[in-house]
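Everything on this sheet refers to the single structure shown next.
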Amino acid sequence: MAEIEIFGGGTLRGELSVQGSKNAVLPMMAAAVLNRGVTVIEHVPDIQDVRCMMEILCFLGCQCTLDRNGRMTIDAGTLSGSCIRKEDMEKMRSSVILLGPLLARQGKACIYYPGGCMIGKRPIDLHLKALRQFGAIIEEDETTGQVTASASGKDGSLSGAVVELPYPSVGATENAVFAAVAAEGESFLSGCAREPEVAALCHMLNRMGARIFGIGTSRLRITGGLPLHGCTVRAEGDRIAAGTYLIAAAAAGGEIEISGICSGELSSLTSLLEEGGAVLYREPRRIYLRQDRPFRRICVKTGPYPDFPTDLQSPLLALMSVSGGGLVEETVFESRFKTAQELNKMGASVTVLGQRAEIKEGRCLRGCRVRACDLRGGAALVTAGLTAEGRTLVEQSEYISRGYEDICRDLSRLGGKLRYCGTDT
Ligand code: EPZ
């Protein structure tokens, strides 16, 4: 079992350019399936979920390589399959966003309910409802979890539709965009997710020859059925990784500079950190943070972009546990407070009542053995370990490697004392 050992107590100081965005790269890899040739994605993080997506693309007949500089080349000209193995689907949530591209390219698809971090039920009903509106015939087998889909149009095509998403689901928006780009005629999507990763996907598809209007808003007008070709795109820096490290610096104290990200994508976090007493200076692609006084009590509610991101909720719990405390309301996932019990083992005082958590003011945690139970919860425990007295051991740190290319490398570069240990299973 992989573990991370952290010796807490020091402040963080230094500069760091963050990895490419996991949640931008995964849908971009799915978009490459729409091109009968070579697509190049740069600044790809070498993380578990990317490796898993590469395996699935290769299983489907694509050629996929990732070099040491983060440059990924996907040749989907050799795509032959339309079915994804159950064991591959269960490794991560993002496998489900291949449903739209496979339907678009092959006219059919066979997948299974996806896996992913256990942070809620995470159904795919919104994905399937949207795809049905483009003319997909979809059958689900609740017992095996198998989902089979076929395009009902002539020669397996999809047709343009007016789709209103009842909730701005990121994945369902991405699958709806894929279907609309391939469908014959115009499509009008409303209620779309506005996450920067969705906008990045739409910009990439336009670079491939699609015609998407309204990018970055909740309403998209898409002219489908246009011929698509390859392109070379560069993934933006990972805003969640950047936010994790800013929160870690606010918790441990010190001063850091994060670069390689679009700072405007982190506005909800930076304004919250300033409210708590952090000193921040921002440029379009850099953020400087100084924390040299006790962080104040804050209250926050997570929500779809541009609200405070649910993916930073767990790291924020760690910060609040060693400072003025406060209140957190989680509105996106049903069970994303599992890390609270691990933080409490370290001396925090987090009380969870349904979708709300109350964090008592705290000053110092004590290092001990804790267990990661999901990707961002694991990052929160590393953050807590940086501030705790003594040694903290985070078990099941393979969860963290799913989304952070090398959290030990990054935080060590900022002065943190941590390393991998244990056997990486
Ligand atoms: C994406 O997941 C991200 N993952 C998540 O990041 C992120 O937390 C989430 O968006 C919200 O921002 C990737 O982009 C790979 P959703 P996704 O569909 O698409 C419910 C991380 O740590 N829902 O927006 O799965 C769902 O259960 C990960 O990097 C339905 O009910 O999120 C959830 O409560 C974790 N039916 C809410 O919507 C559906 O068909 C938001 O889910 C789809 C979703």
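Among the strands (runs of 3 or more DSSP E) contained in the range 209-268, which hold 2 or more residues that are more than 15 Å from the ligand (Cβ to nearest atom) and under 19 Å from the mean Cα position of the chain (by Cα)?
Working: elements: 211-213, 220-224, 232-234, 254-259.
The qualifying strands (runs of 3 or more DSSP E) are 232-234, 254-259.
Given the options LEU319, LEU418, LEU393, name the one that is modelled with pLDDT of 95 or more and closer than 30 Å to VAL170 by Cβ. Reasoning before the result, please.
Details: LEU418 fails: closer than 30 Å to VAL170 by Cβ; LEU393 fails: closer than 30 Å to VAL170 by Cβ.
Criteria check complete, one pass: LEU319.
How many residues does the range 284-321 contain that are away from the ligand (no atom under 16 Å from the Cβ), farther than 16 Å from GLU255 by Cα and open to solvent by 80 Å² or more (accessible area, probe 1.4 Å)?
Of the range 284-321, the ones away from the ligand (no atom under 16 Å from the Cβ) are 284-299, 319-321.
The next check asks that each one be farther than 16 Å from GLU255 by Cα; those that pass are 284-285, 296-299, 320-321.
Those still in the list that are open to solvent by 80 Å² or more (accessible area, probe 1.4 Å) too: 284-285, 296-297.
Total satisfying the criteria: 4.
Residues ALA30, ALA109: which one is among the small types (Gly, Ala, Ser), buried (at least 19 other Cβ atoms within 10 Å of the Cβ) and part of a helix (DSSP H, G or I)?
That would be ALA30, the only listed residue that is among the small types (Gly, Ala, Ser), buried (at least 19 other Cβ atoms within 10 Å of the Cβ) and part of a helix (DSSP H, G or I).
Please state which one of GLU195, GLU164 is modelled with pLDDT of 95 or more, under 30 Å from GLY378 (Cα atoms) and either away from the ligand (no atom under 13 Å from the Cβ) or open to solvent by 20 Å² or more (accessible area, probe 1.4 Å) (or both). It would help to see each step written out before you state the result.
Details: GLU164 fails: under 30 Å from GLY378 (Cα atoms).
Only one candidate passes the filter, namely GLU195.
Can you tell me which of (1) surrounded by fewer than 21 Cβ atoms within 10 Å (Cβ to Cβ); (2) more than 16 Å from the ligand (Cβ to nearest atom); (3) in contact (Cβ under 8 Å) with a residue 40 or more places away in the chain; (4) of a type in the set (A, V, I, L, M) is the one LEU66 doesn't meet?
Evaluating LEU66 over (1) surrounded by fewer than 21 Cβ atoms within 10 Å (Cβ to Cβ); (2) more than 16 Å from the ligand (Cβ to nearest atom); (3) in contact (Cβ under 8 Å) with a residue 40 or more places away in the chain; (4) of a type in the set (A, V, I, L, M) leaves (3) as the failure.
Being open to solvent by 20 Å² or more (accessible area, probe 1.4 Å) and either within 19 Å of LEU375 (Cα to Cα) or modelled with pLDDT under 95 (or both) is the filter here, so list the residues in the range 322-336 that pass it.
Our first condition is that a residue be open to solvent by 20 Å² or more (accessible area, probe 1.4 Å); within the range 322-336, this holds for 327, 329, 331-335.
Passing the criteria: THR331, VAL332, PHE333, GLU334, SER335.
Quick check on this structure: which one of THR143, THR148 is surrounded by fewer than 16 Cβ atoms within 10 Å (Cβ to Cβ), in a loop (DSSP other than H, G, I, E, B) and away from the ligand (no atom under 16 Å from the Cβ)?
Working: THR148 fails: in a loop (DSSP other than H, G, I, E, B).
None of the other options fit; the residue is THR143.
Under 8 Å by Cβ, and 6 or more places apart or on different chains, what pairs join a residue from the range 166-183 that is under 21 Å from GLY303 (Cα atoms) and part of a loop (DSSP other than H, G, I, E, B) with one that is within 11 Å of the ligand (Cβ to nearest atom) and among the basic types (Lys, Arg)?
Cβ pairs passing all conditions: PRO168/ARG194.
The values are calculated or read from the model by the stated rules, or taken from the named source; none is laboratory data. Because the structure is predicted, anything quoted here is derived from the model rather than measured. Here the Cβ is made from the backbone with ideal geometry for all residues, glycine too, and neighbour counts use every protein chain on show. Side chains are part of the model used for accessible areas, which takes the heavy atoms of the whole protein and leaves out ligands, DNA and RNA. Shrake-Rupley method; radii C 1.70, N 1.55, O 1.52, S 1.80 Å.
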